[in-house]
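Report on the structure given below.
Read the figures in this text as sums done on the coordinates, not as results from a lab. Every value quoted in this text rests on a predicted model; they were computed, and no experiment measured them. Because the Cβ atoms are built from the backbone with ideal geometry, glycine has one as well, and the counts that use them run over all protein chains shown.
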Amino acid sequence: MLFSRVLRSLVQTSEPCLGRAIAVATPFRTTAPRIRFCSSSSSSSSSDKPPKPSSSQFFTPTSSKSEFRAMAEKDIDSYLQQTHNRVFEFNAKWAAEKKAADPNYFTNLCAGQNPEYLWIGCSDSRIPAEQITGLEPGDAFVHRNIANLVCNTDLNAMSVITYAVEHLKVKHIVVCGHYGCGGVKAAMTPKDLGVLNPWLRNIRDVYRLHEKELDAIKDEEARYNRLVELNVIEQCRNVAKTAGLQKSYAKNGFPIVHGWVFGFKDGLLKDLQIDFKGMLRDIQKIYNLTDA
Ligand SMILES: [Zn+2]
């Protein structure tokens with residue numbers, strides 16, 4: 001079955017969580033669900049002890065993946081219930097703490113949003129925009145998809161940018177990619193990935209645009225990392241091609257666009273320091289939508 005082939009190939013990418021997310025979400029499953037956690041080397045055996053299904057254990061970072069898998073296979077219902085409940089337990093605690101620290105906290109949230117930033121990032125579960133930047137609720141309008149793409153036919157992305165620029169009047173638009181991106185890796189793989197083909201083709205197009213530079217990089221990981229960066233830069237360019245951005249910048253001097261890349265190895269953001277003004281100027285030779 002095509003879809004199962006696609007899932008297998010995604011699970012085998014270097015970004016296991018991309019494969020995992022899609023594997024769990026697929027509605028085309030024909031057999032009983034098996035929850036499998038990202039693991040390329042560990043496997044369960046008869047000597048693995050299934051851990052007690054206490055809610056904290058499911059999220060203990062030190063628990064081995066084989067323990068997770070052994071537990072999930074033997075007690076899936078309990079696992080699902082507890083991983084669901086844990087979110088609500090945390091939420092109640094978070095709400096109480098916020099209110100205790102500031103009695104007006106939720107009153108202020110109700111009043112509306114006035115974010116400084118629009119964040120366009122990858123859907124990868126390891127990059128929570130607010131946590132890695134210290135932003136609070138209300139600080140960033142967020143849009144995420146596989147490989148942080150900005151496509152002009154994507155009504156979702158176009159609506160987000162238009163709303164953020166024209167109504168929320170954000171001052172910064174950040175396109176944030178990350179090294180080890182499974183979407184970028186999949187696009188580097190010469191394979192039919194079914195329904196993902198049109199989405200990933202946007203990244204293949206980035207490769208084609210920068211083929212000379214990328215082909216000159218002999219080390220595969222270095223080439224992969226550079227494609228991640230070039231993909232971010234091209235998506236910044238796509239943001240700059242939108243009418244809303246161009247008109248707002250001509251009128252107000254904002255927002256400006258930034259290209260960043262997050263690294264799992266050190267948890268740091270790298271600013272690609274794109275020359276936004278130069279980029280916009282170059283783009284407007286062909287894509288000028290300011291009616292000027
Ligand atoms: Zn990614």
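Sequence-distant contacts, meaning Cα pairs under 8 Å at least 6 residues apart, place the relative contact order of segment 120-172 at 34 percent. A Förster distance of 45 Å, applied to the separation of the beta-carbon atoms of ASP282 and ASP77, puts the FRET efficiency at 0.20.
Given CYS181, ASN202, ASN156, which one lies farthest toward the positive end of the charge dipole of segment 153-202, if we put +1 on the Cβ of every Lys and Arg and -1 on the Cβ of every Asp and Glu? The Cα lying farthest towards the positive end belongs to CYS181. Of the peptides 153-160, 102-109, 236-243, 178-185, the ranking by mean beta-carbon count within 10 Å, highest at the top, reads 178-185, 236-243, 153-160, 102-109.
Remark on VAL257: its backbone amide H falls under 5 Å from those of ILE173, a criterion applied only to residues 5 or more positions apart or on other chains, H modelled at 1.01 Å from N. With R₀ set to 30 Å, the beta-carbon distance separating LYS218 from ILE132 gives a calculated FRET efficiency near 0.40.
Each residue, THR162 and GLU89, gets one label point 7 Å from its Cα in the Cβ direction; the gap between the two is 4.4 nm. Positive contributions from Lys and Arg (+1) and negative ones from Asp and Glu (-1), summed over other residues with Cβ under 15 Å from the Cβ of TYR117, come out at -2. Here the Karplus relation 6.51 cos²θ - 1.76 cosθ + 1.60, evaluated at θ = phi - 60°, turns the backbone of segment 251-264 into coupling constants of 7, 10, x, 8, x, 9, 10, 10, x, 10, 9, 9, x, 5 Hz, with x for every Gly and Pro.
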